[in-house]
Each structure stands twice: as structure tokens, then as C-alpha cells.
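Single-structure report; data block below.
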């Protein structure tokens, strides 16, 4: 990074709510710092993060529900492809707040026993919070043998404000777009990191989408939200980092808190982490409110 001019370093922020906690403090007439008030607006948070990282190039903010992280990575990739930057910080962050918990509670979408993705007894998600960052760098500035962002595919179900299309057709479409852009066949995907919220409809829809694309030859699948919770705008970033680590270390992440797999979920669902596998191409999935679907393919060169 020392070789790259600060003016050629961009930043893309992925968040759904920015510092929504500040709004709660203000509405309750409780003390709230000026920086917290400022960071109610995601664009100001992005500006301040760019200043902190000495990124003087293009700045973008992405807020498309829980697909934000994957879209932010795609936007950062496009910055480099369009020669608008040589490196891009992609930052995902969302804080746990009463507002977020109340919203999911109203939807009856929280599992009181904790998120159990793809489990027969699953009944909801676990709200989480996280901050994560990935640095995307132009290939000319890195040595061989690195992880490459291969492609991204997006779609919209046009189905419901909060509920996914029941047949998984929208997510399947996003996966096809990503596969076509990467010039890969379904058989060349070695592992799928699922969105896996633990809600009944999302996990069922995701399973159907994978069945549509892979048939009975679905590669190993797992999800991390049983350990991390659903971190909203940070989810796509932090879960992509898990995929990068899997590619670098040749292991399959498990599915924490999975007890009894539900009917219809992929047969190749990974319960415990497994090492000693050879991975080249990973498919990362996220879906979100408003019918948003995202599919990112990463490859080990």
C-alpha cells in the first residue's frame, strides 16, 4: 500500500443504519456526542473513515439492506476496473440498537434460543453487530497466488418488502449472473457460504435456489450466523473474509448451532469445520429486505 498514492485509494462503506443509536439518544434527550450525531448520516461516516485511512480517492456509501456488503465489494471492484482507484477500502459496519431489535421483534423473526441456520427447529435470527474491512488492490500491486474477486451477480425478487420469493428464483438468477460473468459452470464451485439467517422462509428459499442451480450435485454449504448473528450491513464483508480464509487455508467453515438439518436443505451441509480440502472457487450469498439478492464468486489464483 505504500506504493499507492492516497489519491488513488478509494473507500466504500456498507451499512444499513449507520449510527442509529444516536437517534435513540437524541429522541430520549440523553447526551449524544457531535461525532455520533454526524454519523447518523452514512455519507459523513464514510468521509470520516476515509480521512482516518488517508484514502483521498472516490468515496461511496452502499445501503441495500443485508446485501450491502456484497454490493460494496462489487462497487469497490468496479472502481479498480474502471481505473478510478488502485486500492479500495471496503468497510461494513452496523451497531446493535433498540430500533433494530424492535423491528425484528415486530416481524416475529428473532429466535429466543439463538439463530440455528438450516436446522429443523429454526425459528428466527439473532441480531448482531460488527465492523469489518477488506482491502481490494489492483492485481499489478500484489504477488501471484492471491485471492481474486471473480464476479458479482445481483437480482430483485419484486415479491415483498420483507419476505423473500418462496421459490428462490430471484437468488437463483443472481447466482446464474455471477457464474456467467465468471465463465464458470456450477460444477466448478467448490463451496457455498450461505446467507443462512435461520428464519424459516429465508433458509427454505436459499435451499431451493441452490437446488435450482446445482441439482443433486450441490457443493458443500455452510453458514456462519449461528456464531456471528446477523450483522446487517457488515454481514457480507465479514462473511467474505471467512471465505478468503477458507481459500487461503483449504478448509470448509462449519454451521454453528446446527443440530438436526431441516427437510429440503442441501445434503452436503457442513456441520463442523473440515480441513484438508482443496478449494479454488467459492460462492458467497446474501439476501435482504426488499427482495435483494447478491452472489459473489471468489477464486484462488
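The values are calculated or read from the model by the stated rules, or taken from the named source; none is laboratory data. Small disclaimer: the values here were computed from a predicted structure and weren't measured. Please note: Cβ atoms are built from the backbone with ideal geometry, for glycine as well, and neighbour counts cover all protein chains shown.
Please find, among 78, 7, the residue that is at pLDDT 95 or above, part of a helix (DSSP H, G or I) and farther than 29 Å from residue 196 by Cβ.
Result of the check over 78, 7: 7.
Quick check: anything in the stretch 152-163 under 17 Å from residue 244 (Cα atoms), crowded, with 19+ Cβ neighbours inside 10 Å and not assigned by TED's automatic domain parsing to the domain that holds residue 249?
No, the stretch 152-163 contains no residue that is under 17 Å from residue 244 (Cα atoms), crowded, with 19+ Cβ neighbours inside 10 Å and not assigned by TED's automatic domain parsing to the domain that holds residue 249.
Suppose the filter is surrounded by fewer than 19 Cβ atoms within 10 Å (Cβ to Cβ), outside the structural domain of residue 256 (by TED's automatic domain parsing) and not in a strand (DSSP E or B); does residue 117 pass it?
So residue 117 fails the test.
Just to verify a result, which residue in the stretch 209-238, among those that are part of a helix (DSSP H, G or I) and more than 14 Å from the chain's Cα centre (by Cα), is nearest to residue 109 (Cα to Cα)?
226
Considering 259, 249, which residue is outside the structural domain of residue 62 (by TED's automatic domain parsing), within 22 Å of residue 116 (Cβ to Cβ) and surrounded by fewer than 24 Cβ atoms within 10 Å (Cβ to Cβ)?
259
Output the qualifying pairs, or none if there are none: Cβ atoms under 6 angstrom, residues six or more apart or on different chains, first residue in the stretch 228-249 and closer than 25 Å to residue 280 by Cα, second residue part of a helix (DSSP H, G or I).
Close Cβ pairs satisfying both conditions: 235/69; 236/69; 236/70; 237/69.
When the stretch 49-72 is examined, which residues are found to be over 12 Å from the mean Cα position of the chain (by Cα) and part of a helix (DSSP H, G or I)?
Within the stretch 49-72, 49, 50, 51, 52, 53 qualify.
Are any of the residues in the stretch 221-237 in contact with a helix residue (DSSP H, G or I) (Cβ under 8 Å, 6 or more places away or on another chain), at positive phi, surrounded by fewer than 21 Cβ atoms within 10 Å (Cβ to Cβ) and not assigned by TED's automatic domain parsing to the domain that holds residue 73?
no
Can you find a residue in the stretch 29-42 that is within 20 Å of the chain's Cα centre (by Cα) and either within 27 Å of residue 244 (Cβ to Cβ) or assigned to a helix (DSSP H, G or I) (or both)?
yes
How many residues does the stretch 250-281 hold that are more than 17 Å from residue 197 (Cα to Cα) and touching a residue at least 60 places away in the same chain (Cβ under 8 Å)?
6
Out of the residues in the stretch 141-151 that are more than 21 Å from the chain's Cα centre (by Cα) and in contact (Cβ under 8 Å) with a residue 40 or more places away in the chain, which is surrounded by the fewest Cβ atoms within 10 Å (Cβ to Cβ)?
144
Among the listed residues 100, 93, which satisfies the condition of being part of a strand (DSSP E or B) and surrounded by 19 or more Cβ atoms within 10 Å (Cβ to Cβ)?
93
Restricting to the stretch 191-208, and then to whatever is touching a residue at least 60 places away in the same chain (Cβ under 8 Å) and in a helix (DSSP H, G or I), can you tell me which residue is surrounded by the most Cβ atoms within 10 Å (Cβ to Cβ)?
206
Inspect the stretch 95-102 for any residue being outside the structural domain of residue 288 (by TED's automatic domain parsing), more than 11 Å from residue 12 (Cβ to Cβ), modelled with pLDDT under 95 and over 22 Å from the mean Cα position of the chain (by Cα) and give the result as yes or no.
Yes, the stretch 95-102 contains at least one residue that is outside the structural domain of residue 288 (by TED's automatic domain parsing), more than 11 Å from residue 12 (Cβ to Cβ), modelled with pLDDT under 95 and over 22 Å from the mean Cα position of the chain (by Cα).
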